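The values are calculated or read from the model by the stated rules, or taken from the named source; none is laboratory data. Small disclaimer: the values here were computed from a predicted structure and weren't measured. Neighbour counts are summed over all protein chains in view; Cβ atoms, including those assigned to glycine, are modelled from backbone coordinates with ideal geometry. Please note that ligands, DNA and RNA were not included when accessible areas were found on the heavy atoms of the full protein model with its side chains. Shrake-Rupley method; radii C 1.70, N 1.55, O 1.52, S 1.80 Å.
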Amino acid sequence: MWFLIIFALAGKVLAICAVAVAAPTAAALWFIPDALIAYHLFVPRAQGLVRSCRYFKADRREVWLTIDDGPDPDDTPRILELLELHGAKATFFVIGKNAGAHPALVRAICDAGHEIGYHTHTHPVGSFWCASPQRLARELDQGLAVLNKLGVTVRRFRSPVGIKNLWLASALSKRRLASVGWSARGLELTGGDADTVAARVLRRLRPGSILLLHEGPPLPAPLRVNAIRRTLERLQEAGYQCVIPDEKRAS
Ligand SMILES: [Zn+2]
């Protein structure tokens with residue numbers, strides 16, 4: 001992180017020095033470091049600010065199914081039934097507010113042998129990238145306190161829509177949280193039916209893939225639960241098992 005900040009500041013200083021003699025060079029020096037920082041903040045696969053696991057080690061047909069944005073009173077129970085039907089395990093990256101509103105669902109997820117990951121307290125997509133260290137700490141600690149009260153110890157974190165923050169790496173490190181990205185996502189809000197979403201998330205399927213799907217009301221009604229159902233069916237047809245890798249396999 002500090003490298004990027006120093007790089008950006010150095011660019012500004014050089015740009016000011018160069019503006020009188022070479023305006024295009026000055027503009028490049030001013031904006032290129034900003035573009036680089038923006039890339040690492042907003043592009044989910046970028047690793048410059050926070051290192052996020054995107055694949056796990058697998059020597060057989062195993063994938064890691066992750067489900068974001070719950071728990072949801074309508075979707076979560078049906079998803080748990082589906083997972084049981086397919087003998088699948090998953091990590092639910094829950095929003096703290098939702099977990100606080102539906103503690104029984106958090107317990108049901110844990111009781112069924114799945115994992116709870118953390119996905120911020122309020123899911124602040126628009127402001128997460130520029131949150132101050134204090135606001136970021138609140139966003140992390142409020143939901144973690146909710147989960148701790150329920151007896152859940154969380155070890156994994158996923159930022160909203162994969163957006164990073166300049167202070168995120170140290171904040172996660174202090175809380176012993178590992179950042180988890182994904183290798184493929186359903187992009188349910190971009191259109192298509194459950195078959196389309198399943199095809200999208202399984203497009204480059206290989207052992208060790210981390211698949212991201214969602215639950216809850218922001219999704220179009222025909223996709224809710226059904227996209228996960230179709231994905232599980234296709235994984236089963238392809239001989240893949242959904243597992244939760246330990247820290248050694250997902251680092
Ligand atoms: Zn989310």
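Taking 12 Å as the cut-off, no amide N atom of the stretch 23-67 comes nearer than this to a point 7 Å along the Cα-to-beta-carbon line of ALA199. On the chain, 58 percent of the accessible area sits on carbon and sulfur atoms, based on a 1.4 Å probe. For the stretch 33-177, pairs of C-alpha atoms spaced more than 20 angstrom apart make up 49 percent of the total. Hey, quick one: spin label on TYR39, modelled 7 Å out along Cα-Cβ, who in the stretch 163-184 has an amide N within reach, i.e. under 18 Å? Inside the label zone: 163-166.
Could you work out which residue, out of ASP59, ASP141, ASP72, moves most in a Gaussian network model of the chain, that is, has the largest mean-square fluctuation with Cα springs under 10 Å? Most flexible of the set in this elastic network: ASP59.
When the inverse distances between all different Cα atoms of the chain are averaged and flipped, the Kirkwood radius reads 19.2 angstrom. Modelled this way, with points 7 Å down the Cα-to-C-beta line, the labels at ALA221 and CYS130 are 3.7 nm from one another. Expressed to the nearest 5 percent, the antiparallel share of DSSP beta bridges inside the chain is 5 percent.
So for the stretch 69-213, averaging the separation of alpha carbon pairs under 8 Å that are six or more residues apart and normalising by length, what relative contact order in percent results?
It comes to 19 percent, rounded to a whole number.
Ranked by solvent-accessible area (1.4 Å probe, protein heavy atoms only, all chains present), the residues CYS53, CYS17 order from largest to smallest as CYS17, CYS53. For the stretch 1-46, the spread of Cα coordinates along the three principal axes comes to 38, 18, 7 Å, biggest extent given first. Taking Cα centre as origin and charging only the Cβ of basic (Lys, Arg, +1) and acidic (Asp, Glu, -1) residues, the dipole magnitude of the chain rounds to 800 debye. For the stretch 71-132, the relative contact order comes to 38 percent (Cα pairs under 8 Å, sequence separation of at least 6).
Separation of the stretch 39-112 from the stretch 162-197 is 10 Å, based on Cα centroids.
The alpha carbon gyration tensor of the stretch 174-251 gives principal lengths a ≥ b ≥ c with a/c of 1.5 or higher and a/b no greater than b/c, which makes the shape oblate. A 1.4 Å probe run over the stretch 103-240, with the rest of the protein chains in place, finds 44 Å² accessible per residue. For the pair ARG138 and TRP2, label points projected 7 Å from Cα toward Cβ lie 2.8 nm apart.
Apply 1/(1 + (r/R0)^6) to the Cβ-Cβ distance of ASP246 and LEU187, taking R0 = 41 Å, and write down the FRET efficiency to the nearest 0.05. Computed FRET efficiency for ASP246 and LEU187 comes out at 0.90. Take every Cα pair under 8 Å whose residues are at least 6 apart in sequence, average their separation, divide by the length of the stretch 154-251, and the relative contact order is 24 percent.
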